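S.K.: Quick one: the structure is below, and I'll ask about it shortly.
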Amino acid sequence: MKRRAVLAALSAAAAAGVLGSLVFLAIAWQTEIPAMAPPKLADFDAATIHRGAALVAIGDCVVCHTAERGPAFAGGRALETPFGTLYATNITPDQRTGIGNWSAAAFRRAMRDGVSRDGEHLYPALPYEHFTRVTDADLDAIYALLMTRGPVLQKTPENRLIPPLGFRPLLAGWKLLFLHEDPVLPVTGQSDEWNRGRYLVEGFGHCGGCHTPRNIAGSEERGKPFAGGIAEGWDAPPLNAANRTAHPWTVDAVYRYLRTGMDAEHGIANGPMGPVAHGLSGAPDDDVRSIAVYVASLLERDGPKAGSLPPVDREAEATREHPEGAALFAGACATCHGPGAPMMAQGRPSLSFVSALQADHPRNAVQAVVNGLPAAQAGRTALMPPFGDSLTSSQIGQITAYLRSRYSERQPWTALEDSVEEALNAKEQP
């Protein structure tokens, strides 16, 4: 009798396993959408293409889908993740290596469901978590823009992921857990500008992709929207009242920062935020203003109004505490950042207003010292050379500690050495 019970239990477990496998395969399997001949320029009206260009600028698509010094949208850029390296795909209208034989329906499915034309699951480095929230008309406008670019024959390199994550059907389970379809609906009582900004931020702008913490599976933590995250080794600060700045953010300040890459009371867009500001510099002015209205509403906090705080400069105290850092600053930084420097007369931010020096973690301040300001951004803001190759890790730590002490009234950082090693190690990787 006992043997029969054991056999029955094993049979039931085996049946459940088979049933579970069948259910998973049913969920994971996606049909192929037939290939089509590439559309012609005449198939799209100019207004739709123009709107697509605006949305592509807001979504910063060209940054992820373009390799360094490579053709625009042709893919090949390495995207480092905690699970390995992904390579951005070619989204030019090339029929062999791009999306030239995709229909608009295939493109919409990829953007919303993360499934390519041939039925293959796509990794959530493509932020389809956000694109589920946008309209068909806007997705079709982006499709029109991409399909009217020049085709580029360029094969995407193979991804290098931790086994078994290269097995794409596993992504069906991830989507079942984390992919939600919740369109951005207008909020009653808010202005049209605010609602437009919310739609762009939570949709094509996918700002939460960087500015929201992620769980162990790599999905955004839905209960902590805009609470801050990490992107490419940089802190993406919280876009809420916890944001640490010398001055509160206003609509005008957010607008200036997004439009020009700099605000005198907050600093310069660097790291992954630099290309975002570069893209937004070419976006429609009304859309950038709407984004600023919405983001500023998230950042609202009590405290002094913008412009009411004088610069902090604790030079004597900081020099006593960090004499080596003070000497390094005098030799490497004071020409641009010291009192009376020509750069300061051009409206550049005082270091006491730079958000990175007010932050809870030293990561961004260290990254700025190590990597400087990339030349691609320097023409729009200010040139800052990288010091990761000319200063030792100890010197970088000393100068960063000095900057925190001199230009901030906050407590010294405790994770400084680890941040320096992290930034230098990342710089050494190919």
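S.K.: In the stretch 67-96, what residues are hydroxyl-bearing (Ser, Thr, Tyr) and either over 18 Å from MET111 (Cα atoms) or in the same structural domain as ILE230 (by TED's automatic domain parsing) (or both)?
M.R.: If the condition is that a residue be hydroxyl-bearing (Ser, Thr, Tyr) and either over 18 Å from MET111 (Cα atoms) or in the same structural domain as ILE230 (by TED's automatic domain parsing) (or both), then THR81, THR85 are the ones that fit.
S.K.: Test THR335 against the stated conditions and say whether it is at pLDDT 95 or above, assigned by TED's automatic domain parsing to the domain that holds MET384 and more than 24 Å from TRP234 (Cβ to Cβ).
M.R.: In short, no.
S.K.: What number of residues within the stretch 389-430 are surrounded by fewer than 16 Cβ atoms within 10 Å (Cβ to Cβ), in contact with a helix residue (DSSP H, G or I) (Cβ under 8 Å, 6 or more places away or on another chain) and under 12 Å from ALA318 (Cα atoms)?
M.R.: 1
S.K.: Tell me which residues, restricted to the stretch 82-106, are surrounded by fewer than 17 Cβ atoms within 10 Å (Cβ to Cβ) and touching a strand residue (DSSP E or B) at 6+ places or on another chain (Cβ under 9 Å).
M.R.: Answer for the stretch 82-106, where residues must be surrounded by fewer than 17 Cβ atoms within 10 Å (Cβ to Cβ) and touching a strand residue (DSSP E or B) at 6+ places or on another chain (Cβ under 9 Å): PRO82, PHE83, GLY84, THR85.
S.K.: Could I ask something else about it? Six or more apart or on different chains, Cβ under 8 Å: which pairs go from a residue in the stretch 33-58 that's at positive phi to one that's of a type in the set (D, E, K, R) and assigned to a loop (DSSP other than H, G, I, E, B)? Could you list them?
M.R.: Correct list of pairs: empty, since none qualify.
S.K.: With the structure loaded, tell me whether PRO342 is more than 29 Å from the chain's Cα centre (by Cα) and modelled with pLDDT under 95 or whether it fails that test.
M.R.: Here the answer is yes, as PRO342 does meet what is asked.
S.K.: For residues that are aromatic (Phe, Trp, Tyr) and part of a loop (DSSP other than H, G, I, E, B), tally how many sit in the stretch 67-119.
M.R.: The number of residues fulfilling the criteria is 3.
S.K.: Take the residues of the stretch 133-167 that are closer than 22 Å to ALA283 by Cβ and of a type in the set (S, T, N, Q): which is farthest from the chain's Cα centre (by Cα)?
M.R.: Among those residues, the one meeting the criterion is THR148.
S.K.: Which helices (runs of 4 or more DSSP H) does the stretch 324-367 wholly contain that include 3 or more residues that are at positive phi?
M.R.: Where helices (runs of 4 or more DSSP H) fall fully within the stretch 324-367, none carries at least 3 residues being at positive phi.
The values are calculated or read from the model by the stated rules, or taken from the named source; none is laboratory data. Predicted model, so just to flag it, every value in this text is computed and none were measured. Please note: Cβ atoms are built from the backbone with ideal geometry, for glycine as well, and neighbour counts cover all protein chains shown.
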